[in-house]
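> Okay, handing you the structure first.
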Amino acid sequence: MASTSSQAMPMLSVPEKKTSFLDLHKFLRDHISSNFSSHDASASERELSLVHQMRSDLAKQQTPPPSAGSRLDLLLQYYRAISVIERRLGCYNSIPFTWHDAFRSNKKSSLKSIDFEKAAILFNIGAVHSQIGSMAERDTVEGRKVAYAEFQKAAGVFRLLKGNAVTGATVDVTAECAGVLEILMLAQAQECMFDKVMTDSKGVTLCSKVAKQAGKFYDEAYSALTVPPLDQHFERAWVSHVQLKTAYFYSEAVSLYCIDLHQKEDIGQEIARLKLSISSLSDAKRSAKGAPSSLFEAVSKLETKINQNLETAVKENNHVYLMRVTPVSSLSELPAAVLAQPAPVEGLDISSETLFSNLISESGRKALTKYTEMVDDVLRTQLDKIKLGKEVCKVKLQEMDLPDSIRAVENGSTIPAELKAQVEAIQDRGGPGGLKVELQQLKDLRRVNLELMVQMEEMLQKEEKEDSQYRARYKEKWNRPESGVLAKNIRDMLSKYAENLKEAGVSDLTIEQSMSENFGILAILDNQPIESALPSLARPAIYVDGSEDRTLGTLKLSLTKLETLEAQLESLEKNLKELKEKDDILPKLLGGTSSEELFKEEIKKYNPICEEINKHIQMVEQLLHQIQAQNIEFVTQFRLVEYKISFAQNLEQIRTAVAKFGEIKENLSEGIKFYASLQEVLNKLKQQSSDFVMTRDIQCHEMVEILKKPGWRLFGHRYCYMTTKGVMNVDFESRVNEDVTDSNLQSNSVEPSGTKLEASMYDDEVDRLQDTVEEGKIYSFTQIDIKGAPTQYKLVDSDIECVFTKETEIEEQDEDNSIPMFSFKLRTFDKVHAFEGNKRLLIDVMAMVREVGPVYYKQSGDKQIPKRDILLVDKTLQHVKMIVSDTLATLDYDWEAASNNDTIIVATALLVNCFKDYLLLYSSYSSRVFFNPPMHGVQDFKTSILEQLRNKEIASCNIGGANMVAVNLTGATRITVQELKEFSTFNSNMVPVQY
């Protein structure tokens, strides 16, 4: 059940009282001239003008009106000024003040009473506070805080006004009106707190209590507004407003309370309370007139919600619970929580006001000073007596060891609170046994650090030994830096930390020795409670007549009386100071009374307190003599002297044990902290060592592999061949090929013009020549070897290959268009089967794209390889499935375009193999795909396929169908159309063609 927030409902603000113009300057000047002198009146001209201007500013209607804050400051300033005038000038009933009623502006009162003026100003101060609160934006957190504070301040002001009400004045400054305004302001402050708890989503129980109290405040205000003398004083809209708020918050409290009842399944009580709240809202709406429409809307909204809740509760009760509805007479009052109180009124203190301070005559000033000195002397004398009495009492009780010795008899021995706290902290940490645990932790940390250093040393020694072995084996070929040189920094740090560990070990032995030597002293700390380690002060066994009980009881009674007397002395001291603060004889001095006679009379007010102080001090002295005598008998009977000696010895043992424990604990903590920090450093150093060793191992294995292999073979992503004039058409990539062996064939001739040959580089020739040649350029080659071509994975159909030697020289030649940049030997699908299982030659195909499948992934080692199925058809009308892998599979844009446009592609460097019932084509890393290559004859090729497909009905061929040729392209690099812009001819008979 959701509740309704009251933030949208308006608040009431109290209007200010209006006053008539008054020449306050003239009245006050005449008063000063009459009661002081004309000179004093002239000297007070500035103050007179200031006060007059204040009241004039309050009386006139300013345009635009001043802000509420500045208005409040002016009211407080004027109130302090009027209070000073009353206090210092003795101006009580000589000035006629006129004020209109705030709620009935046609009614006014004129009284020669400064109390009437002060009451009117207080009323306006409260009114301004209420206006600030009502204007606050209560839909914000800060706005609610402001409204809550201001309404409480307004309540505080109206409470003060209620205690200073004026008879015979307008109704608004009577005690009855001030009282109802105080309650109304508290109701609105409570309403602000209800807004807060609802916004903060507090529990329904708390929200219900706050709403209930708001309703109680409003109900109290409503009751006062409907009886004399206020029943005909306020406008009907005000009364209706308070009436609706009373019903609203009562019903809101019921609604929230019923949520809890519903959860507890107390449906009978819930129905009874909801019916009552609906009746309350209905009655209020029916009789309330003139209230704001927003307030009526809020009440109606709450009424609708409660009706819905009631309907739900009745329905559930009729069908589920079948509970009897609780009688109204049995319903208890809802609980309430008061969260609003009148705030203290601030800004009224006149102690620092300087207005009319010049009106005191010089003789009056001297007289006032003399009286003040007399009062100060009285206070000083009495306070010194009290202080001396307290000190004497304290010293004598300490000499007698009271009341500690009595507590030792009754409660057992005790130790100082600070020492006890130290011991308990030690015991909470495990006591002396905890030191053993920490010592073992220290040893374990040291062992771990030693193991880390040993592991690092063994790791470095193993790597250095392996490096030395390979260096001895390969001699000058093992040309990498020595391990000892590279690992010097690590070994230096290891040596440094080893020295630190050695020094720490000495400290550890010292700590362990200290623990062993002092463990007997520390054992006292294991006593729980620690008081059990102290001697006990038992009752003596030799007395059987109960005299020890009488002695102890009498002594305790005397100490109790002493405490009472000390408390009474403190109260007398406080009363004396308060009397001085309130002692103001200035008005009497200004009245013309003789100062000497006045001082004698006024100083008498201090005599009763002074007499009481002297009486109590004498009683304390007498009681101390009795306590001394009683204590002698107590000490004798209970053998306190022996007890104190034993107690002091044991207490010193505890202090010594605590100090020694702290010393050992600190040393252990420092050691543990050192080892923990060192372990973190060593772990990082171990990781650094491990990385160093791993890197050296990788380098070592790579270098060993290089030294083991006889050479390197160089091949490209595309056809790697050389024509008669020496065109190197290759993207170079070095790969180890264990099948390559050196050749002894020497020749300066090559195959006839146009024949393609593979070219290989080995060892140092890779570094020397690979950056010399560039794809697409023409070079002349001299001093090359000719050897037999590899039997597997041949890039070209040739039985020989070229091998570059250390004598090989390469020279770039001028451009010659007669040498082709690309050359394909295309195979039709009906001829592909002939190459099944043939690892000697890779083939090229050209076909039309029919279907393009989605990308999928296959696991290869620890990698996921992307793949895509492509359905092709060539001029033989045979359909083939081509499996594209790696980078070719992710050419989404190209493949999507190809599937929609009958695209012609050329796929190169393919290998044919058999898998189950259909053939597969695998490619080398040189495989490439050309999309719609700008070659002569490609368009005719495409047109021919499309016409044949239209003339011959071909069944739809699925990507996953069997008995098809599958082509697998792995690791290929796509060639763009721009790279083929030099293509100019095409041989439709599928023979090698030059471009």
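> Rounded to the nearest 10 Å², what accessible area does S105 show when all protein chains are kept and the probe is 1.4 Å?
Per-residue accessible area (S105): approximately 80 Å².
> Right, next: Students sometimes get this wrong: rank I672, I870 by accessible area, probe 1.4 Å, all chains present, largest first.
Reading off the accessible areas and sorting them downward yields I672, I870.
> Would you please give the FRET efficiency between K952 and K831, computed as 1/(1 + (r/R0)^6) with r the Cβ-Cβ distance and R0 = 25 Å, to the nearest 0.05?
0.75
> I would also like to ask the following. Ignoring ligands, DNA and RNA, please state the percent of accessible area on the stretch 1-155 from carbon and sulfur, probe 1.4 Å.
Taking all protein chains in place, the stretch 1-155 shows 50 percent carbon and sulfur surface.
> Pull up all non-local amide H partners of H936: gap of 5 or more, or a different chain, and H-to-H distance under 5 Å with H placed in the peptide plane.
S984, T985, F986
> Here's a follow-up. What number comes out for accessible area per residue over the stretch 647-687 if the probe is 1.4 Å? Units Å², please.
Accessible area per residue, the stretch 647-687: 54 Å².
> For the peptides 493-499, 175-181, what is the packing order when you average, over each peptide's residues, the other Cβ atoms within 10 Å and list the highest mean first?
So the peptides 493-499, 175-181, ranked by packing, come out 175-181, 493-499.
> Follow-up. Contact order normalised by length for the stretch 241-384, with contacts defined as Cα pairs under 8 Å and 6 or more residues apart; what percent is it?
Relative contact order comes out at 28 percent.
> Rounded to the nearest whole Å², what accessible area per residue is found for the stretch 30-128 with the 1.4 Å probe?
43
> Same structure, new question: Mind scanning K118/K387; K390/K580; K825/K881 and naming the pairs with a C-alpha gap bigger than 32 Å?
Beyond 32 Å between Cα atoms: K118/K387.
> Let me ask something else about it. Compute the distance in nm between two label points, each set 7 Å from the Cα along the Cα-to-Cβ direction, one at A421 and one at K289.
Going from the A421 label point to the K289 one covers 7.1 nm.
> Rounded to the nearest 10 Å², what accessible area does L534 have for a 1.4 Å probe in the complete protein model?
10
> Taking a 1.4 Å probe, which of E612, E602 shows the most accessible area, and what order do the others take after it?
Final ranking, largest accessible area leading: E612, E602.
> May I pose another question? If packing is taken as the average number of other Cβ atoms within 10 Å across a peptide's residues, how do 760-766, 330-336, 558-564 rank, most packed first?
760-766, 558-564, 330-336
> Could you rank R159, R696, R324, R29 by how accessible they are, 1.4 Å probe, largest area first?
R324, R159, R29, R696
> If you roll a 1.4 Å probe over the stretch 421-573 with all protein chains in place, what percent of the accessible area is carbon or sulfur?
For the stretch 421-573, the apolar C and S fraction of the accessible surface comes to 53 percent.
> Pop a pseudo-label 7 angstrom from the Cα along the beta-carbon direction at both N489 and D764 and give the gap in nm to one decimal.
If labels sit at N489 and D764, their model points lie 3.4 nm apart.
> Through the Karplus equation 6.51 cos²θ - 1.76 cosθ + 1.60, θ set to phi - 60°, convert the phi angles of the stretch 600-609 into ³J(HN,Hα) values in whole Hz; use x for Gly and Pro.
Residue by residue, the stretch 600-609 yields 4, 6, 6, 6, 5, 5, 8, 4, x, 5 Hz.
The values are calculated or read from the model by the stated rules, or taken from the named source; none is laboratory data. Keep in mind it's a predicted model, so treat the numbers as computed, not measured. Neighbour counts are summed over all protein chains in view; Cβ atoms, including those assigned to glycine, are modelled from backbone coordinates with ideal geometry. Only protein heavy atoms, including side chains, enter the accessible area calculation; ligands, DNA and RNA are left aside. Shrake-Rupley method; radii C 1.70, N 1.55, O 1.52, S 1.80 Å.
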